[in-house]
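Computed from the coordinates by the stated procedures, all read-outs in this text should not be read as laboratory data. Source: prediction; values computed, not measured. Positions of Cβ are generated from backbone atoms using ideal geometry, with glycine treated the same way; all protein chains shown enter the neighbour counts.
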Protein chains: 2
Amino acid sequence: MQETFCIMHFTVTLPDWVIEQQAQLPTCIPILEDRMRAVIRFSQLNIDHRTGGPFAAGVFERESGRLIAIGVNRVVPSNVSSAHAEVVALSLAQQSLHSWDLGSDSLPAMQLVVNWRPCAMCYGATIWSGIRSLVIAGSDDACERITGFDEGPIHPEWKSELAKRGIALHDGLLYQEAIRVFEAFRDGGQLVYNGRQGNG
Amino acid sequence: MQETFCIMHFTVTLPDWVIEQQAQLPTCIPILEDRMRAVIRFSQLNIDHRTGGPFAAGVFERESGRLIAIGVNRVVPSNVSSAHAEVVALSLAQQSLHSWDLGSDSLPAMQLVVNWRPCAMCYGATIWSGIRSLVIAGSDDACERITGFDEGPIHPEWKSELAKRGIALHDGLLYQEAIRVFEAFRDGGQLVYNGRQGNG
């Protein structure tokens with residue numbers, strides 16, 4: 001018989017500073033660049049507060065820019081290796097809207113804004129979420145090179161595969177601003193968590 | 001100013017029937033086929049109880065077969081589109097062991113047993129989890145064909161990419177038993193949730 005305690009749930013929580021920071025944002029952010037600027041700011045705040053990796057994401061109504069949810073990377077504080085910023089933002093948006101499908105007919109089209117391209121996992125998570133628009137600050141190897149974070153084996157045709165599924169991609173918005181956060185992270189000497197490379 | 005309530009966390013919970021069912025399992029399951037048999041049984045129970053999709057996963061110590069955590073698909077009941085069985089099992093195992101890295105030097109090698117191949121998202125989640133062994137009942141198109149669930153754009157070389165990262169793959173264990181659950185799901189008329197295909 002199983003003697004150990006049966007773990008029945010897991011919870012991912014945003015750090016407390018998000019409450020105050022989110023309260024300072026307007027209800028709607030109509031200009032796309034301003035949405036990205038807000039997301040990049042959260043990525044910087046997450047390393048300033050040492051509450052996770054240098055990644056943040058926001059779910060917005062695509063047309064109005066109404067902010068639905070902000071997420072930041074919470075892998076290490078939550079002990080959940082899938083708690084990347086995208087997964088956190090998408091899950092919080094789904095809680096807020098009481099829907100596992102952000103592409104539901106009863107909702108306006110939703111947009112995910114992230115301070116870099118999705119890793120192999122978040123790529124799939126983005127597709128399953130129902131969002132219709134993905135906006136990223138960059139997609140080259142700069143993030144991996146500067147921070148040491150592994151992005152994993154994403155599909156080589158990932159951009160066209162998004163298009164096939166009705167998800168419009170906007171790449172390269174505020175690229176330099178995103179890079180500056182990765183450089184700050186690198187210079188801060190914080191933990192780079194990665195899937196292990198062949199040991200064990 | 002942001003007027004709406006700021007959602008600060010999300011939680012994924014196993015259904016109550018798991019407590020009783022998990023209590024009936026031995027602490028250790030030394031034979032690999034028996035581990036898969038237990039996982040397939042949970043996939044069937046999840047559709048019998050109508051508590052999620054026809055998918056289950058277990059995290060075990062690879063050598064001893066000690067059961068660390070069982071997960072089942074909880075997308076619809078949790079309103080979390082990433083709450084696939086693998087993500088649930090891996091996250092619960094990480095909670096149980098107080099580690100975001102199941103490949104930590106302080107832990108024995110861990111194994112993930114699933115009743116089918118990972119989707120595009122769970123493939124990345126598997127890599128980031130730190131498990132060293134992935135055991136699946138099958139990886140062809142039978143699951144998509146029978147159930148209608150989309151597996152998403154996984155890397156074409158996903159098997160060799162796992163090997164590169166030190167994750168051994170065992171494919172095809174109790175294939176027919178897994179298929180029977182997918183057929184039961186198809187015949188039960190339950191919801192197939194999928195990323196939406198180009199509308200909106």
Within region B:133-168, backbone nitrogen closer than 14 Å to the virtual label 7 Å beyond the Cα of B:GLU183 toward Cβ: B:142-143, B:146-147
Shielding by partners, peptide A:114-122 (average Cβ within 10 angstrom, other chains): 4
Anisotropy class of region B:30-116 from Cα gyration tensor, a/c 1.5 cut: oblate
Shape of region A:1-75, Cα gyration tensor, a/c cut at 1.5: prolate
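Where does each of B:ILE70, A:ILE19 land when they are ranked from fewest to most other beta-carbon atoms within 10 angstrom?
Values: B:ILE70 27, A:ILE19 12.
Least crowded to most crowded, the residues run A:ILE19, B:ILE70.
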Normalised contact order of region B:63-140, rounded percent, pairs of Cα under 8 Å and 6 or more residues apart: 27
For residues of B:154-165, the mean tally of beta carbons on other chains within 10 Å: 3
Region B:7-105: relative contact order as a whole-number percent, Cα under 8 Å and 6+ apart: 23
Whole-Hz ³J(HN,Hα) from phi, Karplus 6.51 cos²θ - 1.76 cosθ + 1.60, for region B:24-34, glycine and proline x: 7, 7, x, 4, 10, 10, x, 8, 4, 4, 5
Percentage of interatomic Cα-Cα distances in the protein assembly as shown larger than 32 Å: 29
All-pairs Cα distance distribution in chain B, expressed in whole percent, bin size 10 Å: 9, 37, 37, 14, 3, 0
Computed [θ] at 222 nm, helices only, for the protein assembly as shown once each DSSP H run of length n ≥ 4 contributes -39500 (n - 2.57): -11500 deg cm²/dmol
Peptide A:175-188 - average C-beta neighbours from other chains (10 Å radius): 0
Percentage relative contact order, chain B, counting C-alpha pairs under 8 Å, at least six apart: 18
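Diagonalise the Cα gyration tensor of region B:117-200 and give the resulting equivalent ellipsoid semi-axes, square root of 5 times each eigenvalue, largest first, whole Å. If you can, show how the numbers build up before the last one.
Working: eigenvalues 118, 64, 19 Å².
The three semi-axes for region B:117-200 are 24, 18, 10 Å.
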Residues B:SER99, B:SER81, A:SER78, sorted so that the one with the fewest Cβ neighbours within 10 Å comes first: B:SER99, A:SER78, B:SER81
Relative exposure of A:LYS164, B:LYS159, judged by other C-beta atoms within 10 Å (fewest first): A:LYS164, B:LYS159
C-alpha center-to-center spacing [region A:6-32, region A:35-49] in angstrom: 12
